[in-house]
Amino acid sequence: MTTQAPSWFRRATALEPEIRTIDVAGAAINYLAWGDRDRPGLVFVHGGAANAHWWSYLVPLFADEYRVVALDLSGHGDSDHRVGERYQLATWTDEVVAVAADAGFSGKPVVIGHSMGGFVTMATAALHPDALAGAIILDSPVSRPDPEVAAARSTDAFKTPKVYPDIDLAVSKFRTIPAQKNYLPYVMDYVGRRSLKPVEGGFTWKFDPNLFMPQRSEPALLIPQITCRVAIFGAEHGLVTPDIGQYMYELLGRVAPVIELPSAGHHMMLDQPLILLTGLRTLIADWEHSTPRVRP
């Protein structure tokens, strides 16, 4: 499948990450890193039931200019599951901050989070105001529950992950919640293969099915506490509708851009990764030399 992928994808995936593990509140937290230490930092946070490899075919393209990391939140990917305790939004923010401190950035990083990871990013900016240079929220609709949490509450989508006898069959069943019309097949193959783990009888998904009942603070209460630079990316076919975007804009004091990515679904990195990459590059480049507006 990779041989059919475009050159940018082959270039990004050829850059082998540094793999590091740190302890946060008793759990081993795994993260991937690209680029030299002592550079400006970018931290990428995945959505619910996802993992660092939802980013690892794309974000290495930042590594010529930045130190880039993508972490597995506890309960996801190759990080530990928190057995016998609820997953708390505040704990996930501690994981983001700890990874950023370990990564060796030259200063405060910009944190970029998608879906549930966008809510983690909001909370990190609110609860750790001195730790971030900026926060970018990707299609995380304040005023609605996370799509993964909503699905977990209304269906059995995440409650009993299936075991597949072979990895190719498992990858063929890889789906997102919410579903969307378009995906890039080579990206889905790449991400799906890195979202599985061997178990007795075959392969199953890496995420902890108990992660969808966390104790959370209301994002609408957290957003007004954010003091660092912040931007919101929605998707044309995503969950941050114009009215929700306007609501978030008002909560942020009317000083944060709300940017729609054309042709993209909620999982924009799976169908329009280059549009997302261009949007992030443009915004971050502007932030590097412009003076932020202060909330009234």
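Odds and ends about this structure:
- Any strands (runs of 3 or more DSSP E) falling wholly within segment 1-92 and containing at least 3 residues that are in contact (Cβ under 8 Å) with a residue 24 or more places away in the chain and either of a type in the set (Ser, Thr, Tyr) or buried (at least 19 other Cβ atoms within 10 Å of the Cβ) (or both): 27-34, 41-45, 67-71
- Segment 93-118, residues that are more than 19 Å from GLU218 (Cβ to Cβ) and assigned to a loop (DSSP other than H, G, I, E, B): GLY104, PHE105, SER106, GLY107, LYS108, PRO109
- For ALA125, the conditions (1) small (Gly, Ala, Ser); (2) closer than 28 Å to GLY238 by Cα; (3) modelled with pLDDT of 90 or more; (4) out of contact with any strand residue (DSSP E or B) (no Cβ under 6 Å at 6 or more places or on another chain) are fulfilled apart from (4).
- Within segment 245-257, the set of residues being outside any loop (DSSP other than H, G, I, E, B) and surrounded by 15 or more Cβ atoms within 10 Å (Cβ to Cβ) comprises GLY245, TYR247, MET248, TYR249, LEU251.
- Every residue from segment 213-272 that is of a type in the set (Asp, Glu) and more than 15 Å from PHE119 (Cβ to Cβ): GLU236, ASP243, GLU250, GLU260, ASP271
- The residues on offer are PRO262, PRO273, and the sole one that is surrounded by fewer than 12 Cβ atoms within 10 Å (Cβ to Cβ), within 30 Å of GLY192 (Cβ to Cβ), at pLDDT 95 or above and not small (Gly, Ala, Ser) is PRO262.
- Residue pairs whose Cβ atoms lie under 9 Å apart, separated by 6 or more positions or on different chains, with the first residue in segment 258-285 and part of a helix (DSSP H, G or I) and the second of a type in the set (Asp, Glu), are MET268/ASP139.
- For segment 162-179, the candidate set comprises residues that are touching a residue at least 24 places away in the same chain (Cβ under 8 Å), surrounded by fewer than 17 Cβ atoms within 10 Å (Cβ to Cβ) and part of a loop (DSSP other than H, G, I, E, B); within that set, the residue that is nearest to the chain's Cα centre (by Cα) is PRO178.
The values are calculated or read from the model by the stated rules, or taken from the named source; none is laboratory data. Every value quoted in this text rests on a predicted model; they were computed, and no experiment measured them. FYI the Cβ positions are ideal-geometry reconstructions off the backbone, even for glycines, and counts take in every protein chain you see.
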